[in-house]
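What follows is a set of notes on a single structure, which appears directly below.
Only the coordinates and a few stated rules stand behind these numbers; no lab work does. All figures in this text were calculated on a predicted structure; none of them were measured in a lab. Glycine also receives a Cβ, built like all others from the backbone with ideal geometry; neighbour counts cover every protein chain displayed.
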Amino acid sequence: MTTVAAYAASAPKAPLERTTIERRALREHDVLIDIKFAGICHSDLHQVAEGWGEAIFPMVPGHEIAGVVSEVGPGVTKYKVGDRVGVGCIVDSCRECDNCKAGQEQHCTQGMIATYNAIGRDGEITYGGYAEKVVVDENYVVRIPDGLSLDAAAPLLCAGITTYAPLKQWGAGPGKKVAVIGLGGLGHVAVKIAHALGAEVTVLSQSLRKKDDGLKLGADHYYATSDPKTFEQLAGSFDVILSTVSAPLDLSAYLSLLKTGGALVNVGVPEEPVTFHPFALIGGNKILAGSMIGGIPETQEMLNFCAAHGIGAEVERITASEINEAYERLAAGDVRYRFVIDTATI
């Protein structure tokens with residue numbers, strides 16, 4: 001076992017405080033990673049607050065991890081000491097079901113093991129990336145290409161794959177019109193990726209406050225959803241709409257913006273259920289879909305794509321002592337566009 005410093009919440013809605021945790025001794029296929037940067041995802045806020053249901057405490061959040069391999073188990077073949085690597089939302093799965101064999105570990109029929117707030121197959125609690133080090137099986141580690149800085153790459157391990165996977169699945173590319181709801185931690189990466197895929201990109205945001213940013217990130221158009229005229233003007237416009245927000249939406253209104261056969265794909269997770277009228281789907285054979293991160297192979301594909309197109313998250317680096325302030329600011333929408341913890345300060 002290795003004792004490492006970390007930041008943890010001791011109870012629901014408690015502030016995060018410096019503590020120590022134990023990382024397991026390396027097994028046959030484990031790698032020990034010196035964490036350099038850990039992104040703060042909106043999911044972290046939800047889970048610390050038990051917004052998505054009962055959680056496990058003490059909790060060390062963090063599933064956007066970028067670092068360097070410092071030690072490997074005797075059976076490791078994919079990585080060596082000094083490699084730049086990342087860990088996202090998954091650290092294990094059954095490896096035997098059809099989904100796991102197809103590289104869709106996030107849909108493991110026995111349940112994927114999340115990077116934190118989960119019980120591993122060994123019965124131990126998983127602790128996330130707000131820490132100095134982490135031990136992960138090599139099969140759930142991805143390589144960060146040299147073209148990506150570690151701080152800008154960290155959020156891609158969640159925000160990047162969460163948006164890349166559905167954009168690829170639903171055919172974002174040349175000749176397609178894609179709308180991104182929300183220009184936040186997920187949305188700003190979605191705009192970059194959709195633009196790089198060749199789609200015509202529109203941002204749908206509550207206001208025009210971030211319009212200049214959106215256009216610089218690659219959006220072709222930017223509209224305020226607080227203006228009722230937006231829904232009249234854009235009716236029937238889009239092939240794909242990607243909702244990245246964690247607030248409840250009027251889904252019927254957004255479905256009206258789709259072309260016939262278009263898809264509204266949800267990746268944001270509000271804490272309360274959302275509703276819509278079935279006629280909003282029936283009229284125009286429209287699709288309401290969901291997407292949950294991506295498997296390990298697709299996560300590596302996403303990182304390679306981002307490196308090839310110069311895509312990284314827009315980050316604000318913070319020290320560990322600023323984590324609680326960052327949570328408050330993130331809850332208020334006061335970040336452009338992802339807080340990343342410099343774990344050397346833990």
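A few comments on the model shown:
- For the range 57-69, backbone phi angles converted through the Karplus equation (6.51, -1.76, 1.60; θ = phi - 60°) give residue-by-residue couplings of 10, x, 10, 9, x, x, 10, 10, 10, 10, x, 10, 5 Hz, Gly and Pro being listed as x.
- Think of the range 160-290 as having a plus end and a minus end, set by charges on the Cβ of Lys, Arg, Asp and Glu; of Ser246, Ile287, Ile161, Ile161 sits farthest toward the positive end of this dipole.
- Rounded to the nearest 20 debye, dipole of the range 160-290 from Cβ charges on Lys, Arg, Asp, Glu: 300
- Percent of beta bridges antiparallel (DSSP, the chain, rounded to nearest 5): 55
- Residue among Trp52, Cys100, Val4 farthest towards the positive dipole end of the range 1-160, charges placed on Cβ: Val4
- Cα-based shape type of the range 110-256, given that a ≥ b ≥ c are square roots of the gyration tensor eigenvalues and the cut on a/c is 1.5: prolate
- Amide hydrogen neighbours beyond the local backbone of Phe339, cut-off 5 Å, H modeled: Ile40, Glu316
- Sequence-distant residues sharing a close amide H with Lys176 (under 5 Å, placed H): Glu200
- Across the range 263-279, rounded Karplus estimates of 3J(HN,Hα) from the backbone phi angles (6.51 cos²θ - 1.76 cosθ + 1.60, θ = phi - 60°) give 10, 9, 10, 9, 10, x, 10, x, 6, 10, x, 10, 10, 7, 8, x, 4 Hz, Gly and Pro being marked x.
- With the charge dipole of the chain set up from +1 on Lys and Arg Cβ and -1 on Asp and Glu Cβ about the Cα centre, the Cα lying farthest toward the positive end among the listed residues Gly128, Met302, Ser70 is that of Met302.
- Relative contact order (%) - the range 203-291, alpha-carbon pairs under 8 angstrom, separation at least six: 24
- Angle of helix 159-169 to the longest C-alpha principal axis of the chain, folded into 0 to 90 degrees and rounded to 10: 50°.
- Computed over the chain, relative contact order equals 18 percent, with contacts defined as Cα pairs under 8 Å that lie 6+ residues apart.
- Annotation: amide H-H contacts under 5 Å for Phe37 (H modelled 1.01 Å from N, sequence separation of 5 or more, or interchain): Ala66, Thr343.
- Around the Cα centre of the chain, unit charges on the Cβ atoms of Lys, Arg, Asp and Glu (plus for the first two, minus for the last two) sum to a dipole of about 780 debye.
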